[in-house]
Amino acid sequence: MDNKIKTVINLNKGHLKFYACLKYLVTPFSELDSRIPKKCRLLDIGCGYGVYSIYFALKSERRTISGIDKNPKKINYADKISKGCRNVNFNVLDLDKNYALPEADVYLINDVLHHINNMSKEILLKKISDKMKKNNILLIKEMHSGSKIKFFLNCINDKIMTFNKKLYFIEKERLLSSFKKLGLKVRHYKLNNYIFPHIIYICKK
């Protein structure tokens, strides 16, 4: 196990320590990290309890990580456990309301799009596209439906973790069409060695 993962897990307490362990087992920490420059300003959109934000900050001190989420309790928790990590900060921001995004070199949307409705998706992607400059990166990690069994398992997991809230999965072709309309060039990769069907999109101007 990556030593930085161990550090992140040990920062957590109680059931959230188990949550961090589960995250490590079923999601692609290293694959995302390898696609983020070692020196950059990264905006982690929908950061939750800050597990990924803290990990990326620990992986390179030359990164400045800003995590945003609409849940104040999650933000307060992430802020509390990351006190010893100087290059990460957390703030409350609700994607379902009127908002302004901070500037960044890398915009990360990690398993967030399927939790917000289609209109909110369009607004978010447009806001990011408008902010992006040459060499900026929009990095998205989502689920694909190519593997029906894995996709079903992820749906069950999401329903449990969100207390049965509605999910808004978007097909790969529709998302690629949205990128094209926004003038973004995109590469995408399916990650097949996990229990859930992950897909990564790397978008640039």
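FYI, it's all coordinate maths here, none of it is from the lab. Keep in mind the model is a prediction, meaning the values are calculated, not measured.
Brief remarks follow.
- Relative intensity, log₁₀ I(q)/I(0), of segment 71-205 from a Debye sum that treats every alpha carbon as a point, q = 0.13, 0.19, 0.20 Å⁻¹: -0.64, -1.29, -1.36
- Each Cα pair under 8 Å and six or more residues apart adds its sequence gap; the mean of these over the residue count of segment 3-204 is a relative contact order of 18 percent.
- Square roots of five times the Cα gyration tensor eigenvalues for segment 1-111, Å: 20, 17, 13
- Axial C-alpha extent at least 15 Å, average Kyte-Doolittle at least 0.5 - helices from the chain (DSSP): 15-26
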